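Q: Structure below; questions to follow.
The values are calculated or read from the model by the stated rules, or taken from the named source; none is laboratory data. The shown structure was predicted, so the numbers you read here are calculated from the model rather than taken from an experiment. In this analysis, Cβ positions are derived from the backbone assuming ideal geometry, glycine residues included, and neighbour counts consider all displayed protein chains.
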Amino acid sequence: MARIFAYILHKGGVPDDSAAELAAAARKIDPAAAPTAIATGWSSELEAVCAALSGSYEEVWKIAHEALAYPNAELIRKALLKIVPSGSVVLLAHDHFGIDLAPGLAIKLDAAYAPDVLGIERIDANAFQLIRQEFGGQVSAHVRCDISSGAVLTIRPGAFKPQPSTPVNGTVVDKSVEVGTVTAGRRYLQTVVAEAGDVDITKHSVLVSVGRGIQGKENIGLAQDLAEALGGAVSCSRPVVDAKWLEKSRQVGSSGKTVKPKVYLACGISGSFQHLAGIKGSPFIVAINKNPKAPIFRVADVGIVDDILELLPELTTKVREMHGVSRK
Amino acid sequence: MEILVCAKRVPDTSENEIALDAAGNDIERDDLVYSINEPDNYAVEEALQIVARVGGKVTVVTVGGEDDEEILRREMAMGATQGVLLTDDAFAGSDGRSIAAILRAFVQMGNYDLILTGVQADDGAAQVGGMLAAMLDYPFASLVNAMEVLEGRKLKISREIEGGNKEICEIDLPCVLSIQTGINEPRYVGMRGIRAVASVPIATYGAEELGLEAPTVGANAARAKRVDYFLPAQGKGAEILEGSREENVEKLLELVAAKGGLK
């Protein structure tokens, strides 16, 4: 069986949540696998990360370089190429970093590539059967992946549940010298932190969240009215921000805000995994969507198949009635 | 600046409910509405805006068949200088790596300063841009949501990272960037614009002209092959309210109130 590596992203000296999920994915490939974690970075932060990882991975490869203080995918790819043996299986999280690094890594390792994997089954020594999703999660697909010359897989965040495992006393192997110096045509300058915006959706217990189904800026008021009647706020999914109907600070999802409401009304939102990743704390999720096959119905507690443009005003009227507030 | 945008024609998920066919292992393909992959359209708009500022030419290329010409014409109606179709029976069944290999062969016939792709397409793979860059040994950045042309053959770019934060980088040209939706506001294309380019010839290249040998691309070269489609496990799924609209409103608010959503 090919050797399995998990590249672990980290921040502030703490390994990313994906560290345990990648280990779980490795065990799906081979229950007896002892995957090797790889962490790159610099200074005491990297030391802390490697120490933490050695509690769950039997072997941790450390690559310490000042140039790697920020995870620049091109530099990291070049570093990995110097140390990862050909034919290996390399796992990464399917996030903004995995998308940046993994496709090019697969080419340079001459390995098969399968992105955004939700399920893994080993068919034989040379093939995996994988589960992926297409069309925004509306359908799933089985993918046969030839791993005879190795494979790079990015793993859907949250798809592999970390299993409780006995703590190990892993070894940290310093690979820095083997890697040597690497240079890149892309240079990190700075990180710009998201602006706060007028309304802090992370503080609200009721969110009326709108997606593409709201159809236009002129209809945002329908959600605003309901949110006001319910004492909540309006949030949204990515297409609404792309279309400039609402500000970026209202976006829920992995590239937006993480919210923890009690009640989340998803109105005209299909329910991509990137969007769902921004909803934490197990709220009561209501889905209203014209498309009965929208993935949001799979995760919602209650659903209505209807046009939000017609349903929202009726909900607002009813809430106002229940409050005993007469209109105007 | 010579800019190449790689685009794909896809079933439009905002217009279609994707369902399984009668056999249950493929999607129902009759009556699907197709359009240009949305992030690719943003990429073309970005290319047009750059060329408007610094001069140059925008070429839009796709790998596919005759039907895919419609998106090339649409993007030409937007203002792209030319459309190119890479088509050959030998390309059928290509995986992401083979698509990247076909595109690389085309890139090497030209002299592009900048190559753009959409961040991802209908299969959600987000792979071709990064693969193409690695094959060409060009720098690459994904999820680009802003860019600026600098002196000295380089760009300043912004990448969308977690929590709405942005990573700002400098990147040398030539490079490959994958473009995130929302980077700009793509211009509207009317029927009149489409008609104006209806008879403009689309340059077409096959495997031989691209110097590609059949076994290196297409189904036989694919290392990741889709076996079938199926419906995802339903989990517990939502309780669907199936009453009249009025009944649904009432029932829903009852449930919401019980969960503390009504003050």
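Q: Being in contact with a helix residue (DSSP H, G or I) (Cβ under 7 Å, 6 or more places away or on another chain), of a type in the set (A, V, I, L, M) and surrounded by fewer than 23 Cβ atoms within 10 Å (Cβ to Cβ) is the requirement here; does B:ILE3 meet it?
A: No: the conditions fail for B:ILE3.
Q: Failed condition for A:GLY278, given (1) more than 10 Å from every other protein chain (Cβ to nearest Cβ); (2) over 23 Å from B:ILE240 (Cα atoms); (3) within 18 Å of the chain's Cα centre (by Cα), with all others met?
A: (1)
Q: Here's something else I'd like to know. Looking at the range A:140-162, which of the residues that are in contact with a Lys or Arg (Cβ under 9 Å, 6 or more places away or on another chain), facing chain B (nearest Cβ under 9 Å) and within 28 Å of A:ILE269 (Cα to Cα) is surrounded by the fewest Cβ atoms within 10 Å (Cβ to Cβ)?
A: A:HIS142
Q: Quick check on my filter: what residues within the range B:188-243 are over 30 Å from B:GLU45 (Cα atoms) and among the charged types (D, E, K, R)?
A: B:GLU208, B:GLU213, B:ARG223, B:LYS225, B:ARG226, B:ASP228, B:LYS236, B:GLU239, B:GLU242 - these are the residues of the range B:188-243 that are over 30 Å from B:GLU45 (Cα atoms) and among the charged types (D, E, K, R).
Q: Also: Go through (1) within 23 Å of A:TYR70 (Cβ to Cβ); (2) in the same structural domain as A:GLN138 (by TED's automatic domain parsing); (3) not charged (D, E, K, R) one by one and return the number of the condition A:GLY185 breaks.
A: For A:GLY185, the failing item is (2).
Q: Taking into account only those residues within the range A:120-133 that are surrounded by fewer than 18 Cβ atoms within 10 Å (Cβ to Cβ) and touching a residue at least 40 places away in the same chain (Cβ under 8 Å), which is farthest from A:ILE29 (Cα to Cα)?
A: So, considering only residues that are surrounded by fewer than 18 Cβ atoms within 10 Å (Cβ to Cβ) and touching a residue at least 40 places away in the same chain (Cβ under 8 Å), the one farthest from A:ILE29 (Cα to Cα) is A:ALA125.
Q: Right, something else. I'd like to know if the range B:253-263 contains one or more residues that are in contact (Cβ under 8 Å) with a residue 60 or more places away in the chain and either surrounded by fewer than 18 Cβ atoms within 10 Å (Cβ to Cβ) or β-branched (Val, Ile, Thr) (or both).
A: For the range B:253-263, residues in contact (Cβ under 8 Å) with a residue 60 or more places away in the chain and either surrounded by fewer than 18 Cβ atoms within 10 Å (Cβ to Cβ) or β-branched (Val, Ile, Thr) (or both): absent.
Q: Here's another thing I want to ask about it. Here's a check for you: in the range B:215-246, which residue that is surrounded by fewer than 15 Cβ atoms within 10 Å (Cβ to Cβ) and more than 10 Å from every other protein chain (Cβ to nearest Cβ) is nearest to B:PHE91 (Cα to Cα)?
A: B:ALA219
Q: If you take the residues in the range B:147-191 that are part of a loop (DSSP other than H, G, I, E, B) and of a type in the set (A, V, I, L, M), which one is nearest to the other protein chains (Cβ to nearest Cβ)?
A: B:ILE161
Q: Quick one: which residue in A:GLU74, A:GLU59, A:GLU21 is at negative phi and surrounded by fewer than 21 Cβ atoms within 10 Å (Cβ to Cβ)?
A: A:GLU59
Q: Restricted to the range A:205-238, and to residues that are away from chain B (no Cβ under 13 Å) and of a type in the set (A, V, I, L, M, F, W, C), which residue is surrounded by the most Cβ atoms within 10 Å (Cβ to Cβ)?
A: Taking the candidates together, the pick is A:VAL210.
Q: Based on what the data block shows, is A:GLY136 surrounded by fewer than 17 Cβ atoms within 10 Å (Cβ to Cβ), modelled with pLDDT under 95 and either more than 8 Å from chain B (Cβ to nearest Cβ) or out of contact with any helix residue (DSSP H, G or I) (no Cβ under 7 Å at 6 or more places or on another chain) (or both)?
A: The answer is no for A:GLY136.
Q: Condition check: touching a residue at least 24 places away in the same chain (Cβ under 8 Å), over 20 Å from the mean Cα position of the chain (by Cα) and surrounded by fewer than 20 Cβ atoms within 10 Å (Cβ to Cβ). Does A:ALA79 satisfy that?
A: Against the criterion (touching a residue at least 24 places away in the same chain (Cβ under 8 Å), over 20 Å from the mean Cα position of the chain (by Cα) and surrounded by fewer than 20 Cβ atoms within 10 Å (Cβ to Cβ)), A:ALA79 does not qualify.
Q: Name every residue in the range A:186-213 that is under 18 Å from A:LEU312 (Cβ atoms) and part of a strand (DSSP E or B), in order of residue number.
A: A:VAL206, A:LEU207, A:VAL208, A:SER209, A:VAL210, listed by residue number.
Q: On the basis of being free of Cβ contacts under 8 Å to residues at least 24 places away in the same chain and of a type outside the set (A, V, I, L, M), does A:LYS11 make the cut?
A: Yes; evaluated as a whole, the condition is true for this residue.
Q: What is the number of the single condition among (1) in contact with a Lys or Arg (Cβ under 9 Å, 6 or more places away or on another chain); (2) facing another protein chain (nearest Cβ under 10 Å) that B:ILE194 does not meet?
A: (2)
Q: Also: With the range B:1-117 as the region, which strands (runs of 3 or more DSSP E) entirely inside it contain at least 2 residues that are within 12 Å of chain A (Cβ to nearest Cβ) and not small (Gly, Ala, Ser)?
A: B:9-11
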